[in-house]
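*Asks:* My questions will all concern the structure given below.
The values are calculated or read from the model by the stated rules, or taken from the named source; none is laboratory data. These numbers come from a predicted model, not from an experiment. Cβ: placed from backbone, ideal geometry, glycine included. Neighbour counts: every protein chain shown. What goes into the accessible areas is simple: the full protein's heavy atoms, side chains included, and nothing from ligands, DNA or RNA. Shrake-Rupley method; radii C 1.70, N 1.55, O 1.52, S 1.80 Å.
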Amino acid sequence: MLMVSLAPGILLIADPFLKDPNFARTVIFLCENDEKGSFGFVINRLFDQTLDSLIPDVIYPGIPVYYGGPVQVDTIHFMHQLPDQIQGGMQVVPGVYWGGRFDDVVELINKGALDLRKIKFFIGYSGWTGGQLEEELKEKSWIPSESTPSLVFEPKEQQIWQLALRNLGSNFAMMANFPIDPSLN
């Protein structure tokens with residue numbers, strides 16, 4: 001099995017048989033990992049509201065928001081590839097930045113001055129206390145993998161889980177086609 005150490009920028013691909021409804025068939029982009037804990041965002045689960053419905057100051061309609069995870073679902077976060085336009089973001093890995101000045105983002109969106117293919121918004125996040133994620137890896141709940149900016153910002157979110165598995169090679173590619181509930185086969 002491919003061993004990738006936990007670090008910012010790693011993808012956590014949900015095992016095909018993971019039953020937790022918060023994380024079944026998800027891919028999480030890990031932003032931080034240290035002895036105190038870990039956090040990241042589910043990058044492939046669309047939320048049922050758009051940014052303008054959550055943030056009244058946004059006048060541009062229809063910008064998707066993703067369900068980042070079950071923690072603090074009253075908060076909005078974002079990742080982007082626009083460090084020259086969005087100040088204050090933290091580079092997680094080359095080509096992927098987390099956060100920045102949200103007021104500037106809203107202003108740029110309203111002016112039509114942001115490439116919306118290079119920014120992703122999340123409600124809530126996924127978090128683990130120190131050692132918790134390592135335990136979940138031992139239980140084989142997650143398959144860790146290297147990430148690419150193109151996969152993180154893939155606009156067809158329903159394909160990200162399968163693409164992430166296929167990127168791991170032929171041993172994992174067939175997992176991408178496993179049924180959600182094999183007992184129904």
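*Asks:* GNM on the chain, C-alpha springs below 10 Å: top fluctuator among LYS36, LYS118, LYS19?
*Replies:* Looking only at LYS36, LYS118, LYS19, the largest GNM fluctuation is found for LYS36.
*Asks:* Report, to the nearest 10°, how far helix 102-111 tilts away from the longest principal axis of the Cα atoms in the chain, using its own Cα long axis and a range of 0 to 90°.
*Replies:* 70
*Asks:* Could I ask something else about it? What value, in deg cm²/dmol to 500, does the helix sum -39500 (n - 2.57) over DSSP H runs of n ≥ 4 give at 222 nm once divided by the residues of the chain?
*Replies:* -4500 deg cm²/dmol
*Asks:* Most fluctuating residue of ASN110, ASN171, ASN22 in a GNM of the chain with Cα springs under 10 Å: which is it?
*Replies:* ASN171
*Asks:* If you build a Gaussian network model of the chain, linking Cα atoms that sit under 10 Å apart, which residue out of MET79, MET174, MET90 swings the most?
*Replies:* It is MET174.
*Asks:* Moving on. Please list LYS156, LYS138 from largest to smallest accessible area, probe radius 1.4 Å, with all protein chains kept in place.
*Replies:* So, going from the largest accessible area down, we get LYS138, LYS156.
*Asks:* To two decimal places, what compactness ratio does the chain give when its Cα radius of gyration is scaled by 2.2 N^0.38 Å?
*Replies:* Computed over Cα atoms of the chain, the ratio equals 1.03.
*Asks:* In region 1-43, what percent of the accessible surface is made up of carbon and sulfur (1.4 Å probe, ligands and nucleic acids excluded)?
*Replies:* Exposed carbon and sulfur together represent 59 percent of the surface.
*Asks:* If you take the charge dipole of region 1-109 about its Cα centre, with +1 on Lys and Arg Cβ and -1 on Asp and Glu Cβ, which of VAL92, VAL27, LEU46 is farthest toward its positive end?
*Replies:* VAL27
*Asks:* Give me the percent of the accessible area of region 69-146 that comes from carbon and sulfur atoms, probe 1.4 Å, all protein chains in place.
*Replies:* Looking at region 69-146 in its full context, I get 48 percent from C and S.
*Asks:* Now for a different question. Given a 1.4 Å probe, how much area per residue of the chain is accessible, in Å²?
*Replies:* Spelled out: the 1.4 Å probe surface of the chain, per residue, equals 51 Å².
*Asks:* Ranked from highest to lowest mean number of other Cβ atoms within 10 Å per residue, what is the order of the peptides 61-67, 140-146, 12-18?
*Replies:* 12-18, 140-146, 61-67
*Asks:* Something else now. Want the number for ALA113 to ALA24: 0.36 nm per residue separation, take away the alpha-carbon distance, what's left?
*Replies:* Stretched out fully, the ALA113 to ALA24 stretch lengthens by 28.5 nm.
*Asks:* Pairs of alpha-carbon atoms within less than 8 angstrom and 6+ residues apart define the contacts here; what relative contact order does region 1-114 have, in percent?
*Replies:* 17
*Asks:* Collect residues whose amide H, placed 1.01 Å from N in the peptide plane, falls under 5 Å from the amide H of PHE17; neighbours closer than 5 in sequence don't count.
*Replies:* Placed amide hydrogens put nothing under 5 Å from PHE17.
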